[in-house]
Amino acid sequence: MVAVESQMLPLGTEAPAFTLPDPDGVPHSLGDGASAYLVMFICNHCPFVKHIREELARVGRDYASRGVSIFAINSNDISKHPDDDPAHMKAEAKTWGYTFPYLFDESQGVAKAYRAACTPDFFVFDAGKKLVYRGQLDDSRPSNKVAVDGRDLRAALDAVLESRPPLSTQKPSIGCNIKWRPGNEPDYF
């Protein structure tokens, strides 16, 4: 397991647009009209994601009803990591109760546009699609005994929904590196 930190895309960055398929091939886009947007890069096999997937499902249930558009994106190279393929993604979403679209970024172009580096990697945008938070879910890691509660991500979402400034302290997420296809590695490492 190679742990890397998120790249901390500059605050105020406009959300890169995307249209990606879910495991059934149905396309999903960022869209308009939400109170906030949460884009998270995850996958099925990463121990860091496995450690928090119940909380990801809770965040989905708690915030979608409050007007947050939520998307999970898997950008891993499935030729080397077949457990991350769309069929497994569909099973993962069902097993863990993901109520948000879980999308496949086969070209890895969306991950690059967001400067995503690891799984998990979280990005919160306001209603105008400006980045207000990028960083960790919380302080819990598979190797520590800190409870998974989504504290940092929830605080960021609450701030946006309550028209408060973003969190002043934003800690990078840490997780498994995105599994890039050979020759497709981004230039930001």
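The values are calculated or read from the model by the stated rules, or taken from the named source; none is laboratory data. In this text the structure is predicted, and so the values were computed from the model without any measurement. No Cβ is skipped: glycine too gets one built from the backbone with ideal geometry, and neighbour counts run over all protein chains shown.
A few notes on this one:
- The single residue among Ser75, Ser107, Ser143 that is at pLDDT below 95 and over 25 Å from Val160 (Cα atoms) turns out to be Ser143.
- Selection within region 63-81 - surrounded by fewer than 17 Cβ atoms within 10 Å (Cβ to Cβ) and either part of a helix (DSSP H, G or I) or aliphatic (A, V, I, L, M) (or both): Ala64
- From the options Tyr114, Tyr98, residue that is crowded, with 23+ Cβ neighbours inside 10 Å and in contact with a strand residue (DSSP E or B) (Cβ under 8 Å, 6 or more places away or on another chain): Tyr114
- Filtered by the rule that a residue be touching a strand residue (DSSP E or B) at 6+ places or on another chain (Cβ under 8 Å) and crowded, with 17+ Cβ neighbours inside 10 Å, region 86-95 gives Pro86, Met89, Glu92, Ala93.
- Only one of the numbered conditions (1) in a loop (DSSP other than H, G, I, E, B); (2) among the aromatic types (Phe, Trp, Tyr); (3) over 19 Å from Tyr102 (Cα atoms) is violated by Trp180, and that is (3).
- Note on region 1-52: enclosed strands (runs of 3 or more DSSP E) holding 2 or more residues that are under 13 Å from the mean Cα position of the chain (by Cα) and either buried (at least 22 other Cβ atoms within 10 Å of the Cβ) or free of Cβ contacts under 8 Å to residues at least 60 places away in the same chain (or both) are 36-41.
- Cβ-Cβ contacts under 8 Å between residues 6 or more apart (or on different chains), taken from a first residue in region 96-107 that is touching a residue at least 12 places away in the same chain (Cβ under 8 Å) to a second residue that is surrounded by fewer than 16 Cβ atoms within 10 Å (Cβ to Cβ) and of a type in the set (Gly, Ala, Ser), are listed as Thr99/Ala64; Phe100/Ala64.
- Of all residues making up region 166-181, the number that are in contact (Cβ under 8 Å) with a residue 12 or more places away in the chain, more than 16 Å from the chain's Cα centre (by Cα) and either exposed (fewer than 14 other Cβ atoms within 10 Å of the Cβ) or farther than 24 Å from Ile78 by Cβ (or both): 2
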